[in-house]
Structure formats: C-alpha cells, structure tokens
1. Quick check on the range 20-61: of everything there that is farther than 20 Å from Gly120 by Cα and of a type in the set (Phe, Trp, Tyr), which residue is surrounded by the fewest Cβ atoms within 10 Å (Cβ to Cβ)?
2. Of the conditions (1) modelled with pLDDT of 95 or more; (2) within 25 Å of Arg65 (Cβ to Cβ); (3) loosely packed, with under 14 Cβ neighbours inside 10 Å, Glu118 fails just one. Which one is it?
3. Consider the range 5-19. How many of its residues are over 11 Å from Met124 (Cα atoms) and of a type outside the set (Gly, Ala, Ser)?
4. For the range 130-163, enumerate the residues that are surrounded by 11 or more Cβ atoms within 10 Å (Cβ to Cβ) and outside any helix (DSSP H, G or I).
5. Take the residues in the range 62-104 that are β-branched (Val, Ile, Thr) and over 23 Å from Gly48 (Cβ atoms), then tell me which one is surrounded by the fewest Cβ atoms within 10 Å (Cβ to Cβ).
6. Does Leu66 meet the test of being at pLDDT 90 or above and touching a helix residue (DSSP H, G or I) at 6+ places or on another chain (Cβ under 9 Å)?
7. Tell me which strands (runs of 3 or more DSSP E) are completely within the range 6-108 and hold 2 or more residues being without any contact (Cβ under 8 Å) to a residue 24 or more places away in the chain, more than 25 Å from Leu153 (Cβ to Cβ) and of a type in the set (A, V, I, L, M, F, W, C), or say none if there are none.
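The values are calculated or read from the model by the stated rules, or taken from the named source; none is laboratory data. These numbers come from a predicted model, not from an experiment. So basically every Cβ, Gly included, is an ideal-geometry build from the backbone, and we count neighbours across all protein chains shown.
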Amino acid sequence: MTPEGLQISTPTDTTIVLLRTFHAPRRLVWTAMFTPDKMRRWMLPPPGWTTTVCECEPHVGGKLRLAWKDAENDPAMTLEGVFTEVVPHERAVHTETMKLGSGETIGSLVETHEFTEEGGVTTMRITQQYASKDARDGAIASGMDQGMEACYLQLDAVLAPPA
C-alpha cells in the first residue's frame, strides 16, 4: 500500500467520504489528528489568517474548538463540536458547527474518523454527514478538498521520521 492524495466521494445526497493514506502507524496519525500542539503544526488556516484557538479533547463528551482571525475579524471563523464516540487509535465521531465571526452558522455536520493500518501505512476514512444535499454540495463547492489536502501534505511532513 502506498500513500495517496485525498480521495473524495459522495455515496449519498447528504454524505461526503474522504480517504487519505499516511506513511505512519495509526497511533501516530491519531495523535497528530487529535492533539492540539500537533494539530497546530499541520492544520493550516486560509492565507492571511491565524489560528487563535485549538482545543481538542478526544473522549466522549470532550470538546473540539478551533478559531481563526484575519486582518479585520477576531474571530473570523470558529468551529465547535463535541465528541460522541471515541475508540482510541481506531474511531472518533464528533459534531461540528462552523460559524463566521458575526455568529452566523455556515455549516453543521457529524464527522466520523476511522483509522486502519497495514504494513505501517495508515488509511484514514472521514465520513461527513450533512443535514441536506444543499449543505453537502455547498461544502464541496467551497474547495474544502484542496484545503484539506494542503493540510494533509503538512501532516505528511509532521509524521515523517527525523532525517
């Protein structure tokens, strides 16, 4: 199995499935995905933005909170959620609500992360469940896949063994 770029599919009118492989054991991928100091190293904000809050508590009832500012707004956007299911190194499910700095909700979904490992290569499957086809289509139209892959390229570098 060789690492590949982000693959995206839409198996239902309200679902997006994202697949990405990483050349690292799943315990390391899990730690990088859900540990705030590591998240800050690979989770890139949009150009000209700064990450101001990065909180992640991957246990049932734990909070997920991210905030970004731009030149004019602090916050420019927030993401908040709650973990509803966690099996360390294997599966995490959380709610996710994104809001503009004005407080306007721009997206809400349930996101499931699943991790499998074969031969030191981890496959991460993210399933995003939206309330409607319009919400799902809006997420796809936003260019989220390009932004996510840019972040995952950074995550590849974070996961790489020291030279």
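1. Among those that are farther than 20 Å from Gly120 by Cα and of a type in the set (Phe, Trp, Tyr), it is Trp49.
2. Every listed condition holds for Glu118 apart from (2).
3. Kept after step one, since they are over 11 Å from Met124 (Cα atoms), are these residues of the range 5-19: 5, 8-16.
Still in the list and also of a type outside the set (Gly, Ala, Ser): 8, 10-16.
Adding up the residues that qualify gives 8.
4. Across the range 130-163, the qualifying residues are Tyr130, Ala131, Ser142, Ala160.
5. Here is the first cut: in the range 62-104, the ones β-branched (Val, Ile, Thr) are 78, 82, 84, 86-87, 93, 95, 97.
So of that shortlist, the ones also over 23 Å from Gly48 (Cβ atoms) come out as 82, 84, 86-87, 93, 95, 97.
Numbers: Val82: 16, Thr84: 14, Val86: 19, Val87: 10, Val93: 19, Thr95: 14, Thr97: 15.
Looking at the filtered set, the residue picked out is Val87.
6. Working: at pLDDT 90 or above: yes; touching a helix residue (DSSP H, G or I) at 6+ places or on another chain (Cβ under 9 Å): yes.
So Leu66 fits the description; yes.
7. Numbers: elements: 7-12, 15-22, 50-56, 63-69, 77-87, 91-100.
Here the list reads 77-87.
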